[in-house]
Amino acid sequence: MVLNNIENLLEKYENGETSLKEEQQLKDYFSQETVAPHLEMYKPIFCYFLENQQEQFTKHLPLKTKKVFNYKWLSVAAVTVLMVGFYFNRERGDFTTEEVQLAQQQVRESLELVSKHFNKGVSQVNYLGVIDKAGEQVAYLEEMNNPMGRIFKKN
């Protein structure tokens with residue numbers, strides 16, 4: 001009778017329909033030394049549940065919480081400082097037309113000097129294009145040495 005009751009409880013347990021009292025009956029049955037041979041496979045499961053139920057957490061947990069620095073407000077402050085700095089350091093439009101034209105002329109002369117030196121450097125590197133073309137011709141000559149390769153390459 002007890003064995004039939006345990007088998008019925010196991011079936012209910014596998015279907016997820018047992019109450020806590022019924023599960024306790026299963027744990028009590030499987031904690032015994034003698035268990036029916038065809039139910040031996042369930043013994044480790046319920047023994048684990050009994051052992052796990054007796055475990056307690058003993059680690060000390062600190063009650064002090066760490067103060068978290070809020071970086072969002074730091075970024076807002078940085079943007080505010082930058083905006084105030086740009087506002088007070090902006091240049092006034094007190095320049096005359098002659099000063100503006102003189103500044104533009106100086107910038108134009110500087111850029112022309114840079115362009116002149118850049119073009120000089122480019123002309124010295126032009127020979128690399130000739131070397132590249134010579135490399136292509138050498139590759140073509142290698143194909144001429146292997147006529148069968150050319151025939152199969154076209155097909």
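The values are calculated or read from the model by the stated rules, or taken from the named source; none is laboratory data. Quick caveat: nothing in here was measured; it's all calculated off a predicted structure. Neighbour counts run over all protein chains shown; Cβ positions are idealised from the backbone, glycine included.
Residues are listed down the side, and each one gets a yes or a no for (1) modelled with pLDDT of 75 or more; (2) assigned to a loop (DSSP other than H, G, I, E, B); (3) of a type in the set (Asp, Glu):
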{"residue": "CYS47", "(1), (2), (3)": "yes, no, no"}
{"residue": "GLN53", "(1), (2), (3)": "yes, no, no"}
{"residue": "PHE57", "(1), (2), (3)": "yes, yes, no"}
{"residue": "LYS64", "(1), (2), (3)": "yes, yes, no"}
{"residue": "PHE69", "(1), (2), (3)": "no, yes, no"}
{"residue": "VAL79", "(1), (2), (3)": "yes, no, no"}
{"residue": "MET83", "(1), (2), (3)": "yes, no, no"}
{"residue": "GLY93", "(1), (2), (3)": "no, yes, no"}
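Within region 1-17, residues that are farther than 14 Å from PHE30 by Cα reach partners that are not in a helix (DSSP H, G or I) with beta carbons closer than 7 Å, at six or more positions or on different chains, in the pairs LYS12/THR18. Taken together, the residues in region 42-60 that are of a type in the set (A, V, I, L, M, F, W, C) and under 20 Å from ASN8 (Cα atoms) amount to 4.
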